[in-house]
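Have a look at the structure below before the remarks.
The values are calculated or read from the model by the stated rules, or taken from the named source; none is laboratory data. Computed from a predicted structure; not experimentally measured. Please note: Cβ atoms are built from the backbone with ideal geometry, for glycine as well, and neighbour counts cover all protein chains shown. Heavy atoms of the whole protein, side chains included, go into the accessibility calculation; ligands, DNA and RNA do not. Shrake-Rupley method; radii C 1.70, N 1.55, O 1.52, S 1.80 Å.
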Amino acid sequence: MKNSIEVLQTGFCKKSNRFIMLALSAVLALIFFNSCDNFVEVDMPKSQLTSDAVFEDAETANAAMAGLYTKLRMNGILAGSATGLSSMLGLYTDEFNYYQPNSVSNLFNNSLTAGTPQVSDIWNQSYNQIYVANSIIEGIQKSAALTQDQKNQLMGEALFVRAILHFTLTGIYGDIPYVTTTDYTINSKISKVPTDKIYQNALEDLNRAADHLPEKYISNERIRPNRSTAKALLARLYLYMKLYPEASAAASSVINNPLYKKESNLDRIFLKGSTETIWQLMPGTAGANTQEGDLYIFKVGPPPIVGLREEFINSFEPEDKRKTQWTATVTSGNQRWHYAYKYKQDQPTSSSLEYSVVLRLAEQYLIRSEARANQGDLTGAKEDLNIIRYAAGLSNTAAISSEDIIADILQQRRFELFTEFGQRFFDLKRFGKLDEALSPLKPGWNANDRLWPIPVLELNSNPNLNPQNQGY
């Protein structure tokens, strides 16, 4: 790989054609940053030579950012494939059954070890993507060619990506490193920091991102974050930190933004032009749709990989339109299997109809409802909760006390946000209900499963990442 990189770098320096520069920068963003197995082995001197050239031109700088989004879409936490977090944590909790023939899922059986490939894949891909985000941040800071508006946009996006990755990783692994440099001499010896410090660092990154990003999207599509994208993730982070006034205020800033409106039809929410979308990832080719649709939808049973649990399907209230519009069933004789049907397309279309939605408006109402309930504003909490219930075809909540309102919020989060980047796992975890919910369903479940192990190869490479998580 290093020889290939040197050839690319030489060609990059010698060619003045803008198209070639654009293509090479995209290749470097996608290939070079995959040239190592984990984030502590990145060859910093060569990558720095590349980034200096990339950030002297707006098109190549934007291509580097586009390359990062491609990595996010294809691999790791935000991927919609079987190796992404939506599928993996859906199997790990109570959303999916596993059907792949002649195969055993350590995720479904809750039998992860420090050597399980999925454990190291999520870790390595995420820190690889964090490295790219840091490279973009450093390149922008050194650039003398980009305008201030261009720097602000790219800086805001890279800070946002760095924050969402660390925030999600700490929910999976617990204490982790918060990596803010491409300096391999620092990263090779970096230590873990506590989760509350991860949250604080992510908070700082997201506030900086919000300061840099514009109020409006820079294109007609919502694939490049704007200020509300950072605010939406801030609202979630504040909620996890139990900073309820701040969570309510951040969610309100998104809800009150006229860019976003509730869709009257549930089937429109995951279309690429939905007015509820805050941030989405665009497919890689024209006419392609989402990895989620390709993974979840099946026409004959049994499912090729995953299918929704019968217990989950039976837990919907009878009149809940999310059951009828966001799930579907395949039958054969007396057997039946269920699949997630939020995304309707499992094949290419003449033009792309669906993009992978990462952040959307409904979560903001649920965040504000929970924050209000925890502050004693029960009327406001119920108003927000009823907006979600009404959209699902349900009557107003019968909850009266703050405890009952919060219990209903958790229930609505289950049916509103299923198969969306592990939100069910994180909700059960922060409410202290993982053991209660999963022990009856999963014989392999134990209390230590609230965290994944640190990959064994990482511990061997860097002893500062010790101690290993309890139970592994």
Practice item. Work out the length of the dipole vector of the chain about its Cα centre, built from +1 on the beta-carbon of each Lys and Arg and -1 on the beta-carbon of each Asp and Glu, and round it to the nearest 20 debye. Key: 520
Revision key, fill the gap. For Lys197, counting only lysines whose alpha-carbon sits under 17 Å away and dropping same-chain residues fewer than eight positions off, the answer is Lys242
Review point. For Leu259, what charge total do you get from the other residues with a beta carbon under 13 Å from its beta carbon, if Lys and Arg give +1 and Asp and Glu give -1?
Key: +4
Check your understanding: Which angle from 0 to 90°, rounded to the nearest 10, does the C-alpha axis of helix 402-416 make with the longest principal axis of the chain?
Key -> 70
Review point. Quick one: Cα centre-to-centre distance for the range 83-114 and the range 413-452, in angstrom?
Key: 13
Revision key, fill the gap. With 0.36 nm assigned to each residue of separation and the Cα-Cα distance removed, Glu317 to Gln200 gains 38.3 nm
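Could you please state how large a percent of the accessible area of the range 230-274 is carbon and sulfur, counting protein chains only and using a 1.4 Å probe?
Numbers: 950 of 1840 Å².
Answer for the range 230-274 is 52 percent, counting heavy atoms of protein chains only.
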Revision key, fill the gap. Among Asn464, Val161, Leu451, the residue whose Cα sits farthest towards the positive end of the charge dipole of the chain, when +1 is placed on the Cβ of each Lys and Arg and -1 on the Cβ of each Asp and Glu, is Val161
Exercise for review: Search the structure for amide H atoms under 5 Å from the amide H of Ile278, placed 1.01 Å from N in the peptide plane, and list their residues when 5 or more places away or on another chain.
Suggested key: Leu359, Arg360, Leu361
Review point. Roughly how many Å² is the accessible area per residue of the chain, as a whole number, for a 1.4 Å probe?
Key: 40
Check your understanding: So between Ser350 and Ala398, what do we pick up on full extension, going 0.36 nm a residue minus the alpha carbon distance?
Key -> 12.7 nm
Exercise for review: Taking 7 Å along the Cα-to-C-beta vector as the label spot, tell me the Thr275-Ala145 distance in nanometres, rounded to one decimal.
Suggested key: 4.2
Point to revise | FRET efficiency, 1/(1 + (r/R0)^6) with R0 41 Å, evaluated for Leu457 and Leu378 via beta carbons | key: 0.25
Study note, to complete from the structure: Filtered hits (lysines, Cα-Cα < 26 Å from Lys299, offset >= 8 within chain) -> Lys272, Lys321, Lys323, Lys342, Lys344
Review point. Let a ≥ b ≥ c be the square roots of the eigenvalues of the Cα gyration tensor of the range 255-376; is it rounded (a/c under 1.5), or, if not, prolate (a/b larger than b/c) or oblate?
Key: oblate
Check your understanding: Which whole-number percent is the relative contact order of the chain (Cα, under 8 Å, 6+ apart)?
Key -> 18
Review point. Is the shape of the range 295-350 best called rounded, prolate or oblate, per the rule: a/c under 1.5 gives rounded, else a/b larger than b/c gives prolate, else oblate, with a ≥ b ≥ c the square roots of the Cα gyration tensor eigenvalues?
Key: oblate
Study note, to complete from the structure: Contact order relative to length for the range 223-322, counting C-alpha pairs under 8 Å separated by 6 or more residues, stands in percent at 21
**Study point:** Summed side-chain charge close to Ile297 - residues other than Ile297 whose Cβ falls under 15 Å, Lys, Arg +1, Asp, Glu -1
**Key:** -2
Review point. Of Ser356, Ile406, Asn134, which is farthest on the positive side of the dipole of the chain, counting Cα position, with +1 on Lys and Arg Cβ, -1 on Asp and Glu Cβ, and the Cα centre as origin?
Key: Ser356
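Answer rounded, prolate or oblate for the range 249-322, using the Cα gyration tensor with square roots of eigenvalues a ≥ b ≥ c: rounded when a/c is under 1.5, else prolate when a/b is larger than b/c, else oblate.
Verdict is oblate for the range 249-322.
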Point to revise | Long-range amide H partners of Ile176 with built H, under 5 Å | key: Val193
**Study point:** 222 nm mean residue ellipticity, helices alone, for the chain (DSSP H n ≥ 4; -39,500 (n - 2.57); rounded to 500)
**Key:** -16000 deg cm²/dmol
